[in-house]
Amino acid sequence: MTSIAIGLACNLGASTSILVGKMKQIVAGSQKLATTDVRIDAFSASCIDPEHNPYQVIMLAPQIAHREAEIKQKLATHPVPVTVINATDFGTMNAANILKTALREIKAAEAK
């Protein structure tokens, strides 16, 4: 079984927690992801630990977009894609678009 791990980071992990629930609902109803073990977690950006990072992509809530370069630098020794969630998708809780973006980022990183 294939495994995918997606991390959503924000200031405290609260706003992304709602989004995680919606993303998990989409995964549960997806035939394409039926044979994939998908892990999606929300957490505070301050909890990102490059030595113990289980995620294949880290997506930042728009309110911490200004920390993207800092977080990428922090993960430089163990690089994973770090991307900012589209503000419109985040504001409307468009979990489907955000999940698609995460999967594209993972696929692009694996192709390198």
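The values are calculated or read from the model by the stated rules, or taken from the named source; none is laboratory data. Everything quoted here is computed from the prediction, not taken from an experiment. As a convention, Cβ positions derive from the backbone with ideal geometry for all residues, glycine included, and neighbour counts pool all protein chains shown. Surface areas here come from the heavy atoms of the whole protein model, side chains and all, with no ligands, DNA or RNA. Shrake-Rupley method; radii C 1.70, N 1.55, O 1.52, S 1.80 Å.
Ligands, DNA and RNA left out, the accessible area of the chain computed with a 1.4 Å probe is 53% carbon and sulfur.
Residues whose amide H comes within less than 5 Å of that of L60, counting only those at least five positions distant or on another chain, are A9, T83, V84, I85 (H built at 1.01 Å from N in the peptide plane). Among the lysines of the chain, pairs at least eight places apart or on separate chains and with Cα atoms under 26 Å apart come to 17. Place a label point 7 angstrom from the Cα of S44 along the Cα-to-Cβ direction, then list the residues of the range 57-76 whose backbone nitrogen is under 16 Å away. Taking a point 7 Å out along Cα→Cβ of S44, the residues of the range 57-76 whose backbone N falls under 16 Å are 61, 64. Approximating the spin labels as points 7 Å out from Cα along Cα→Cβ, the E70-to-A87 distance works out to 1.9 nm. Among A87, A102, A61, the largest mean-square fluctuation in a Gaussian network model of the chain (Cα springs under 10 Å) belongs to A87.
Counted by Cβ distance under 15 Å from T2, the other residues give a net charge of +1, where Lys and Arg count +1 and Asp and Glu count -1.
Taken per residue, the accessible surface of the range 1-103 reaches 52 Å², heavy atoms only and a 1.4 Å probe.
The convex hull around the C-alpha trace of the range 2-111, projected and averaged over every direction, spans 6.4 square nanometres.
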